[in-house]
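I have placed the structure first, in the form of structure tokens, so that the comments after it can refer back to it.
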Amino acid sequence: MSSASFSPILPFSRSRPTDCQREATPMDSPFQVLASHPFNRPDADVVLQSTDGVEFRVRSHILVEASPVLERVISEPSHLPRAGGAALAINFDADSSTLDALLRMCYPIRKGRVARAVDECLSALRTAMAYEMELPVEALEDELVAVARRGAPHALKVWAGACRLRLESLARRAAECLFGDGPLDVALGSLAPADFDGLTAGDVFRLRKYRRVRGQVGPDFSLLPPLPPLQAAMPLEIDVSPEMDVPPEQWPVDEDPIVPGMGPHLDFRCVSSDGVRFAVNREAVSNASAYIKHVISESLERTCASGKKMKNSRLLIPSSISLEETSTVLSPLLSLCCSQGESRNYPTTPAELLSLLSAAERLSMNAIAQDLRARWDVIAKENPLRAYFSAVRERGQEERARLAARYALGIALDQQYLPEMDTEQCPALPYLRLANYYDACRGAAKNLLAAACHPTAASLGTQPRQVEAKPASVLPVAAVVDMSVPRAAPVPATTVSSPDSGVLWLSTFVSGLSGQIDNLGPECGGLMSSGKPEHLFEQAAAQGRWCPSCDKLAQGLSRVGRALRLIPTTIDSISLEL
């Protein structure tokens, strides 16, 4: 048996299989682990060996028709002719269960019904694509679509696998199984984080759009992100400057970088995690950082306790400190230590601010951290989506991520696309959780308003006004809070009662409030709560101080007012999983 070591071209890999090596080996080796029927026939002329060591004895003419990749390997002149009793052995880049499934799809035998999990189907599909097996690819795609139709969790998992394999058609067919009005939070809860590996927020953004418009998209739309352009190879630049002739021992020694504004007396070094030594003023950084001050004090106490005596006490003070922050974070942070107020140069992006804030909190730079918190809050309100992604990436910033998500309720989330959403900086799972939180808050607000508005519309004999002038998912939560109500018919003049009774009631009500103010006591807060304008409106409606034709409208307005006041409290009860 001649052996050909072969690695297929995986999807979108730039590598090509190398030249095959072959070796004549008898077919009845005592160390063989044979596959089941019909892949154990001794008269087969090709042996495919799986990654777990199982040998599949197959016929070359079937492989040639099934896979152009295997056809090129089998047809190489170095593999033909083969001596009698010897077969070509090919290492197949798949385990035995995957290889068995693919061969049974290619062989003219009864297939049978096999219930495969989504992960098994995706693994087999990936291998079939690598070996260019058209029939198994088509069969596995149909099988995955059938699995996706079982429910949202299966469809979401199939869609994720299709995106990883860059199969637009399969991704669309799986996404169509997600068409519906309900959020994806139930499906999300049944999947593991690993199911979303390799996906980005941009993938989820496009899925939500495709689902929202029920697949009615233009010809240029794609669920998959565009492939990044191939970088042209840059010519090698050779430095022919005179310094090339200088021996290494005469190269100039790089000086420690000086933090701008640190002053002339640089008696201390802050060493970053990537080895950069920043020359700083010890007193300035000690005053700014309680942590650095504590480390210096502890080191001095240990030195004194050891009994060492030196003429110059300054020699007892350590000359450097190693910090876990990188140089890109430590450099601007140290610059803030030697500046005050408006002279401080703060970053302008949420990611940079949050990196500095996390470092300032770790180093107990309390004053700097306080300023950074205030500035991050302002930027988070201006760009909540970018602030959210920054917070979920930064360790220990879950509460700021939740705050940014709350700010995101004021934007049309499904219309907010950022270029970085198709990069590894914005993974799919945090964005999907944010979108589900957004949908839950919007649904809660709409339910409160619907419960308040529908009785009013029914009593007026009109249809409830639609809040969305466009698909609901493109409106921010703020747009859902629409206080408009259906207009009532004009009130005939004969039905309007004399305003004298209403004026008298209002005068009496205000006199009662004045009396409460004159008798302030421990229960003042409870008494004054009835003096809010909305309570005055509701009490007037409850006591029938409106003309008959306006009474029902007034009661409806009162219900809507109560619903609007309940929306913030209801949203507070909705949690964001991180």
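The values are calculated or read from the model by the stated rules, or taken from the named source; none is laboratory data. Values in this document were obtained by computation on a predicted structure and should not be read as measured data. Cβ coordinates were reconstructed from backbone atoms using ideal geometry, including for glycine residues, and neighbour counts include every protein chain displayed. Each accessible area value is taken on the protein alone, full model and side chains, heavy atoms only, with ligands, DNA and RNA left out. Shrake-Rupley method; radii C 1.70, N 1.55, O 1.52, S 1.80 Å.
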**Message:** Looking at the structure I just gave you, is Pro384 in contact with a Lys or Arg (Cβ under 6 Å, 6 or more places away or on another chain) and either over 28 Å from Asp422 (Cα atoms) or not small (Gly, Ala, Ser) (or both)?
**Reply:** no
**Prompt:** Using beta carbons and a limit of 7 Å, which pairs, at least six apart or on different chains, have the first residue in region 417-439 and part of a loop (DSSP other than H, G, I, E, B) and the second one surrounded by fewer than 18 Cβ atoms within 10 Å (Cβ to Cβ)?
**Reply:** Gln425/Arg393; Cys426/Glu420
**Request:** Among residues belonging to region 99-118 that are free of Cβ contacts under 8 Å to residues at least 40 places away in the same chain and in a helix (DSSP H, G or I), point out the one that is surrounded by the most Cβ atoms within 10 Å (Cβ to Cβ).
**Result:** Leu102
**For Asp274: the one exception among (1) among the acidic types (Asp, Glu); (2) at pLDDT below 85; (3) within 30 Å of Leu333 (Cβ to Cβ)** = (2)
**Request:** Check region 236-258 and report whether any residue there is at pLDDT below 80, over 30 Å from Gln415 (Cβ atoms) and assigned to a strand (DSSP E or B).
**Result:** yes
**Asked** Does Glu143 meet the test of being outside any helix (DSSP H, G or I) and touching a helix residue (DSSP H, G or I) at 6+ places or on another chain (Cβ under 7 Å)?
**Response** no
**Request:** Could you pull out the residue among Ala405, Ala428 that is crowded, with 22+ Cβ neighbours inside 10 Å and within 30 Å of Leu227 (Cβ to Cβ)?
**Result:** Ala428
**Prompt:** From Ser364, Ser355, Ser339, which residue is open to solvent by 10 Å² or more (accessible area, probe 1.4 Å), polar (S, T, N, Q) and in a helix (DSSP H, G or I)?
**Reply:** Ser355
**Request:** List the number of the failed condition for Glu298; all other conditions in (1) at pLDDT 75 or above; (2) assigned to a loop (DSSP other than H, G, I, E, B); (3) open to solvent by 50 Å² or more (accessible area, probe 1.4 Å) hold.
**Result:** (2)
**Prompt:** Going by the conditions given, is Asp371 open to solvent by less than 50 Å² (accessible area, probe 1.4 Å) and out of contact with any Leu (no Cβ under 6 Å at 6 or more places or on another chain)?
**Reply:** no
**Fill in**
The condition of being surrounded by 21 or more Cβ atoms within 10 Å (Cβ to Cβ), over 27 Å from Arg149 (Cβ atoms), modelled with pLDDT under 90 and not β-branched (Val, Ile, Thr) holds, among Ala89, Ala83, only for Ala89
**Request:** Hey, could you check region 190-207 for residues that are out of contact with any Phe, Trp or Tyr (no Cβ under 9 Å at 6 or more places or on another chain) and among the small types (Gly, Ala, Ser) and say which is nearest to Leu167 (Cα to Cα)?
**Result:** Gly198
**Fill in**
Among Ala152, Ala187, the single one that is of a type outside the set (D, E, K, R), open to solvent by 30 Å² or more (accessible area, probe 1.4 Å) and modelled with pLDDT under 90 is Ala152
**Message:** When you scan region 551-565, do you find a residue that is modelled with pLDDT of 65 or more, in contact with a helix residue (DSSP H, G or I) (Cβ under 6 Å, 6 or more places away or on another chain) and not in a helix (DSSP H, G or I), even just one?
**Reply:** no
